[in-house]
Every structure is written in structure tokens, then in C-alpha cells.
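Sharing a structure here in C-alpha cells format.
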Amino acid sequence: MKRMTILSAMAATVAGMTAQVNAPEIDGYLSRGTLMYRDQNYQGAIDQLTQLKRMSPDSHQAEEADFYIALSRLYRGELSEARQLLEAFVGDYPSSSHMLTALMSIADCDFYESEYEQALARYNAIPESALDLAAAEDYRYRKAYSLMKLDDWDAAMNGFASLRSTKRYSNAARFYQGYIYYAQGDYSKAKELLSSVNTSTAPGNRADYYLTQIAFTEGDYDKALSMARKAMNTVAEFTPEMQRIAGESLYNLGDEAEAVTYLEKYVAATNDPKPSALYILGVSQYKSGDLDEAVSTLGPVTACDDAMGQSAYLYIGQAYLKQGNVNSALLALEKAYRMDYDKKVQETAFYNYAVAKMEGGRTPFGSSVTMFEDFLRRYPDSRYAPSVQEYLVTGYMTDNNYEKALASIERIKRPSSAILTAKQRVLYILGSRDLAAGNVSQALKRFQGAKALSSQNKAMATECDLWIGDCYYRQGKYTEASKAYSDYLRYSGANSSNRMLATYDLGYSRFGEKRYSEARQNFEKVVKQPGNLGQDIVADSYNRIGDCHYYASAFSEAAANYDKAYSLNPEAGDYALFQKAMMRGLARDYKGKLEIIDDMMSRYPTSGLMPSALLEKAESYVALNRADDAVKVYRDLVKRYPTTSQGRNGYLQLAITLMSQGNRRQAIDTYKEVISSYPTSEEARVASDDLKRIYADDGNLDDYAKF
């Protein structure tokens, strides 16, 4: 009877569960979705739970749906979507019982995307003690793997050691410990561990690959050959490397013919073959008379700065010689004889180089420059040394290698006039390059050095004055800049193409010195006779003339020149219009000022002068007693440009204007906003003083102190 009761109860429970799963209501979708998730039918789970979300679920149902949809995305490999959903889940349900799993899953997204440093940081933020056994094992494994990928070998080794006794990760832990020993060069321990793993499943199926590498590295070529042949078909991605090991092992065992067979397969299957394999193939091709193939195959090997690279250069040079390509042979042979890893190769290369040179080969200067420098180092007192020195300098300049040309010149104890002329030109060119790169101090030194050699080329020395002026101007040394520009104008010819440019630059340096009258004269010369200067520079000169008049309080003259600047270059006319408006304001024509500012703002809505224009517009309204309009503009200014100095000032002026209107509460709030937003600014200091007076007038200094 009791058994019957139990069976009946079970049947009732199953029936209830079935009814719940098949129910069309929200609970039915939730039950089906979670069951599909547990059955790893992740797309089905997403479909069911997404439908649930459309049915106005309660908070618990929505939480469960969001959680399992996010995990389903994760296990479908949709990492970007999963991350977004999980991060949203953490933010939406901070008290969820799934929080730990959600945080772990976000870390897993980083892990699966190979963002190991970020994954590790996330794992470390999760207390392992709060995880169940399976999750804790996953946690330790992924942390150890991330540490290994970040080359934190010791910590990774300890992490894998803690997994050695687990059922799921024991084999992987031993494999990765073996790999770490391999990467550290401890082949004895690596072999011990890698030999003990189960090779029928990943990652243990890769163990033979590393064991083969160890045998080859240790010079046990018979064993390496045997293991490579066996491992070729274990993991497809390792097949080419095993072919290389087999080929190079055979080569070291003296079987070159079979070695080439393997290595040809390896090279054909690899985008970036190792130089050792290419060297063996290239030498074999050279010996068999396939000279074009040998040169092509050995080419990448020459990137190796070692005996193999030196030998590759030798074979390439000899191949070119056999083809009659003497110049190319010289290039390769010179490389070979300048490398001293293998003295015999060096000797052979030098001999071949000398023979090719004697047969009439010619090389570009840059390829033989080192030879001449070696000559000077070995034979500093030779009677040919002066000629070699001049050849070096000329060659460097021909190759546009001016830094080396200058260094070579500086080593010459008694330079000839030709060398000094070359030095002046080198300094001039290097100075212009330094200035273009923003290295102003270095450029100035170069130009001054070139100018000091004026006896070699006076015209070039004069051009240096123009550059020297530019350097001083960029450094803010306007007096020195003015002198340099003046020197240029004094010594350059009347027909010099840069005279008007120098005049324009002199105007700017004098403007920087606040010598406005003299600056205006320079700019007036430019607008009267611009020469080859562009219309934009002429327009800019009119702007500066206007500025000079402005500083002299000649506002109508300033406005007239701003008009000319605008008419010449309306595309960049925002400054001219703005300044013209300012002149109207200084003449107390506030309506006219407003009209021009509105025109400027409509024409140039992206102008950098927009904050200033809004501030001036508001202040003009204040001057016209149109406080309401001023308030609107101030509000627009602080909304659009809160971080600018004009925005800060606008906040303060808004408070003052509101106060003048009797809007005491709004004014106080605005003063507080100024102080809170810009606590270290001058505007905040003024606002604080005003606010203090207001509170004092109200008898509420305690409230002020609290604020």
C-alpha cells in the first residue's frame, strides 16, 4: 500500500510537471526554456524565454529569463551578445541568487575571447569558496590557463598543480605543466609530464608534438625523425612542423635527398617557414643548378643575423655571379664579408666580392658606404683619406642620409671648402626637417650652424635668417624673431621670392612684442604688394591690421579692415565678423553689434568663436536692458559650452542678471552651480563673494557656511 502511495504521488508530480511544461502561460515558457537550457538546446531556450519576455512577466520570471538567455548566448559562442546581456543582468538584478554565476560568466567571455589579463582580474574578484565543486574546478583551470598565457609561469604551475587530482582536469593540468617546463627549457621535467598524459583527447593529443621538438633540440635526430613521422597525422595543424623536424633530422643524419622531400612539403604548407628549412632547400637548389629558385628560397634566410644568414648571402652572391648579374652579386657578397660569424665564409665572400668588383660591377653608394667607413677606421692616415671623406659625404647626401653625412663631416679634422659647403647644406636641410617635426630647439641650432658658414654660400645663410625667425617665433621669443626677420630683409635681394613672407612674419613677431604700430606697417606692406602670397594670407593681414587699430582704440579703422578681411576670404570670415561686432559694441552701437553677431553665428555655426559670440550677445542684451533676452542667451551658452571659460563666465553673468531681475532664488541656485561646477575658478570666487553678501543681507550666514 505504501509503495502504491509513493508511485501515485510520483505520477501526480510528473503529471504536474508535464502540465506545467506544456502550459501556455508564462510559467510554461519559463519551464520549457530552462529545461531546454539544461538539455543544451540553447536556441530553443532563447526562443522560449524571449517569448516569455513579451508576456509581461513578474520580476522573478524576468530575472530567470534574462539569466538563462544570457547563458544560452554564451554557450552558443555569441560572446559579444552574451557579455552585454550578462553585464545588464548584473546591473538590473544586484541581489540575484545567480549573481556569482553571472560574474563568472562575464569573466568566461573574456577568457574565450583570449582577453586573459582582463579575465584574470575578473576571476580574482570572485571568491572561490562561494563556488560549487565543478565551478571551482573551472575557475582554477581558467585562472591557471590565463596565467600561462600571460607568461606568469610559477603562478600557472601552481594553479595546474591544484587540478592534478581532479577527474575533469587532471590530464590537461599535467599537459600544461609539461608545456610550461618545455617553454622554460626544462626538458627533463617536460618529458616526464608530457609522456604521462592521455594522448587520445585534447590537449594531451599535442604532447607528441612537444616531445618531438625536445628530441630535435637535444640533437637526438633518430628519435626526432621517428616521432615526427608518427606525429604527423596526430593534429593536422602540427603536420607541417613535423615535416620540418623530419626533414631537418634527415639532413643532419646525412640523407639530403629525402630531407628535401619533407622540407618541400613543409614550405608549401607554411606561410612563414623557418630559415633553417629554407637554408637547406636553398643550398640544395644551388647545388642542383636551380639558381633562380636558390636565390628566392635563400632570400628570407638573410634576415638572420648569424652564421646561417651570412652563408645564405654567400650562396646568393655566388648564384648571381653564375648568372652574370654582377651588381646583385656585389650587394650579397658585401653583406656576407661584413659579417664575421664564420671566418671561412667571410674570406670566401670577400674574395668573390673583389673578383666581381674587378670584373666591372657597380653598386649604389648606399650599399658600399660601410666599406669606405671601414677604410677610414683601418687606414686613418692614408693619402687617399681626404678623397674617401669627400666621397662619403657626397654619397650620404646623394642617398638623403643627412644625419650620417653630418656625423661623417664632424669626424673630419681638416675639412676642405667643398666639405664645409656640404656641411652648410646638410645643416640647412636637417634644420628644415627638425622644424617640420616640431623639434624647434634642434632646428634652431642647425640653422644657426648653417648661417655661421656664410662664407660658403651667402644666399643660403640669408635664407637661414628666415628659418631662425620661425624658430624663435614658435618659442615665443618675439624680439629675437623680429631681429632674424629684419636681418633677412636687410640682406636678401629685392627680388627674393620670400621677401613678402618675411615681411608678413615680421609683422607677427612685432605683434607678439606688442609693437602694434610697427606691426601694422608690416601688414600694410603685405596687403599693398602681396607678391606670391595667397589671398588667405592677405585676408589674415587685414585682420591683423584691424587688431592693431583696435589696440590703438581706432575702432572705425579696425572695423574697415575687418570688412576687407571678410570680403577677401569669407570662408574663414568668422573672426573678421566677430571683431567687427566688437567694434560696434565699443562704439555703444549694441543693436548693430547684435545684428553682426547673429550674422556671424548663422554663417559659421561650427566656429570656435561661438562661445565668445554667445557671451557678447548676452552682454549686449544686458547693455540694452533686455535682461530676459540676456538670460536666454546665457542659458544657451552654459548649456552648449559649459567647460569653456566663456561658459564659466556665462554662468556667473547669468546669476548676476537673474539677481538684477529680482529672481533671487534662481540667482542663488545659479551662484551655487558656478561654485560647485568650477570650484577653483575666478568665477567661483566672485560667485562666492556675491552669494555671501546675499546670505548676509538675508541674515542667513549660517546657511552660507553650511553650503
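Suppose we filter the range 261-291 for residues that are more than 35 Å from the chain's Cα centre (by Cα) and in contact (Cβ under 8 Å) with a residue 12 or more places away in the chain; how many remain?
The qualifying residues number 16.
Just checking, how many residues over the range 687-707 are of a type in the set (Lys, Arg) and either under 18 Å from residue 658 (Cβ atoms) or surrounded by 12 or more Cβ atoms within 10 Å (Cβ to Cβ) (or both)?
2
Here's something else I'd like to know. (1) among the hydroxyl-bearing types (Ser, Thr, Tyr); (2) assigned to a helix (DSSP H, G or I); (3) buried (at least 16 other Cβ atoms within 10 Å of the Cβ): which one isn't true of residue 166, the others all being true?
(2)
Could you list, ordered by first residue, the pairs with Cβ atoms under 6 Å in which the first is in the range 563-580 and outside any helix (DSSP H, G or I) and the second is buried (at least 21 other Cβ atoms within 10 Å of the Cβ) and at pLDDT 90 or above, at least 6 apart or interchain?
569/539; 573/566
Restricting to the range 217-234, name every residue that is buried (at least 23 other Cβ atoms within 10 Å of the Cβ) and modelled with pLDDT of 90 or more.
Residues of the range 217-234 that are buried (at least 23 other Cβ atoms within 10 Å of the Cβ), as a first pass: 224-225, 227-228, 231.
Within the range 217-234, 224, 225, 227, 228 qualify.
Counting only residues that are over 10 Å from residue 310 (Cα atoms) and of a type in the set (A, V, I, L, M), how many does the range 329-344 have?
Summing the residues that are over 10 Å from residue 310 (Cα atoms) and of a type in the set (A, V, I, L, M) in the range 329-344 gives 3.
Continuing with this model, one more query. In the range 127-171, what count of residues is obtained for those that are closer than 20 Å to residue 201 by Cα and within 37 Å of the chain's Cα centre (by Cα)?
Within the range 127-171, residues that are closer than 20 Å to residue 201 by Cα and within 37 Å of the chain's Cα centre (by Cα) number 6.
Something else now. Determine which single condition residue 20 fails, assuming it passes every other condition in (1) in contact with an Asp or Glu (Cβ under 7 Å, 6 or more places away or on another chain); (2) at pLDDT 95 or above.
Result: residue 20 fails condition (2) only.
With respect to the numbered conditions (1) surrounded by 13 or more Cβ atoms within 10 Å (Cβ to Cβ); (2) not in a helix (DSSP H, G or I), which one is the sole condition not fulfilled by residue 672?
Condition (2) is where residue 672 drops out.
If I ask for residues that are in contact (Cβ under 8 Å) with a residue 24 or more places away in the chain, surrounded by 15 or more Cβ atoms within 10 Å (Cβ to Cβ) and in a helix (DSSP H, G or I), which ones from the range 631-644 would you list? Don't jump to the end; show me each part of the working.
Step one: list which residues in the range 631-644 are in contact (Cβ under 8 Å) with a residue 24 or more places away in the chain, which gives 631, 637, 640-642, 644.
Okay, now just the ones that are also surrounded by 15 or more Cβ atoms within 10 Å (Cβ to Cβ), so 631, 637, 641-642, 644.
Matches in the range 631-644: 631, 637.
Looking at 56, 129, can you tell me which residue is farther than 24 Å from residue 172 by Cβ and of a type outside the set (D, E, K, R)? Quick ask: steps written out before the conclusion?
Values: 129 fails: farther than 24 Å from residue 172 by Cβ.
From the options 56, 129, the qualifying one is 56.
Being at pLDDT below 90, farther than 26 Å from residue 165 by Cα and in a helix (DSSP H, G or I) narrows it down to one of 237, 248, so name that one. Full working, then the answer.
On the way: 248 fails: at pLDDT below 90.
The conditions single out 237.
Provide a single number: the residues in the range 503-560 that are under 45 Å from the mean Cα position of the chain (by Cα), farther than 19 Å from residue 481 by Cβ and of a type in the set (S, T, N, Q).
Summing the residues that are under 45 Å from the mean Cα position of the chain (by Cα), farther than 19 Å from residue 481 by Cβ and of a type in the set (S, T, N, Q) in the range 503-560 gives 3.
Please specify each residue of the range 599-630 satisfying the condition of being among the charged types (D, E, K, R) and outside any loop (DSSP other than H, G, I, E, B).
So the first thing to find is which residues in the range 599-630 are among the charged types (D, E, K, R), and the list is 599, 603, 616-617, 619, 626, 628-629.
If the condition is that a residue be among the charged types (D, E, K, R) and outside any loop (DSSP other than H, G, I, E, B), then 599, 603, 616, 617, 619, 628, 629 are the ones that fit.
Among the helices (runs of 4 or more DSSP H) contained in the range 282-347, which hold 1 or more residues that are more than 24 Å from residue 251 (Cα to Cα)? Walk me through it before giving the result.
Working: elements: 291-298, 307-323, 326-338.
Correct list: 307-323, 326-338.
Is it the case that residue 690 is of a type in the set (Asp, Glu) and over 47 Å from the mean Cα position of the chain (by Cα)?
Details: of a type in the set (Asp, Glu): yes; over 47 Å from the mean Cα position of the chain (by Cα): yes.
Yes: the conditions hold for residue 690.
Being of a type in the set (Gly, Ala, Ser) and closer than 19 Å to residue 299 by Cα is the filter; apply it to the range 240-275 and report the residue that is surrounded by the most Cβ atoms within 10 Å (Cβ to Cβ).
First pass over the range 240-275, keeping only residues of a type in the set (Gly, Ala, Ser): 246-247, 249, 254, 257, 259, 268-269.
If we keep only those that are closer than 19 Å to residue 299 by Cα too, we end up with 268-269.
Working: 268: 10, 269: 13.
Step by step, filter the range 240-275, then rank; the result is 269.
Are any residues in the range 199-234 without any contact (Cβ under 8 Å) to a residue 24 or more places away in the chain and assigned to a helix (DSSP H, G or I), and if so, which ones?
Those that are without any contact (Cβ under 8 Å) to a residue 24 or more places away in the chain and assigned to a helix (DSSP H, G or I): 211, 215, 223, 226, 227, 228, 229, 230, 231.
Residue 107 passes all but one of (1) loosely packed, with under 14 Cβ neighbours inside 10 Å; (2) part of a helix (DSSP H, G or I); which number fails?
It is condition (1) that residue 107 fails.
To continue, here is another question. Do the conditions hold for residue 173, that is, is it in a helix (DSSP H, G or I), farther than 30 Å from residue 86 by Cβ, of a type in the set (Gly, Ala, Ser) and not assigned by TED's automatic domain parsing to the domain that holds residue 81?
Details: in a helix (DSSP H, G or I): yes; farther than 30 Å from residue 86 by Cβ: no; of a type in the set (Gly, Ala, Ser): yes; not assigned by TED's automatic domain parsing to the domain that holds residue 81: yes.
Here the answer is no, as residue 173 does not meet what is asked.
Among (1) within 39 Å of the chain's Cα centre (by Cα); (2) surrounded by 14 or more Cβ atoms within 10 Å (Cβ to Cβ); (3) within 29 Å of residue 147 (Cβ to Cβ), which single condition is residue 124 missing?
Single failed check for residue 124: (2).
Can you report the number of residues in the range 298-335 which are of a type in the set (Ser, Thr, Tyr) and free of Cβ contacts under 8 Å to residues at least 24 places away in the same chain?
Adding up the residues that qualify gives 1.
Being under 15 Å from residue 520 (Cβ atoms), of a type in the set (Ser, Thr, Tyr) and buried (at least 17 other Cβ atoms within 10 Å of the Cβ) is the filter here; which residues of the range 550-588 pass it?
Answer for the range 550-588, where residues must be under 15 Å from residue 520 (Cβ atoms), of a type in the set (Ser, Thr, Tyr) and buried (at least 17 other Cβ atoms within 10 Å of the Cβ): 550, 562.
Something else: Give the number of residues within the range 282-311 that are crowded, with 24+ Cβ neighbours inside 10 Å and within 19 Å of residue 247 (Cα to Cα).
Initial filter on the range 282-311 (crowded, with 24+ Cβ neighbours inside 10 Å): 282, 294, 297-298, 301, 311.
Next cut, within 19 Å of residue 247 (Cα to Cα) only: 282, 294, 297-298, 301.
Within the range 282-311, residues that are crowded, with 24+ Cβ neighbours inside 10 Å and within 19 Å of residue 247 (Cα to Cα) number 5.
The values are calculated or read from the model by the stated rules, or taken from the named source; none is laboratory data. Since the model is a prediction, treat every value here as computed from it, not as a measurement. Cβ sites come from the backbone with ideal geometry, for glycine too, and all protein chains shown count toward neighbours.
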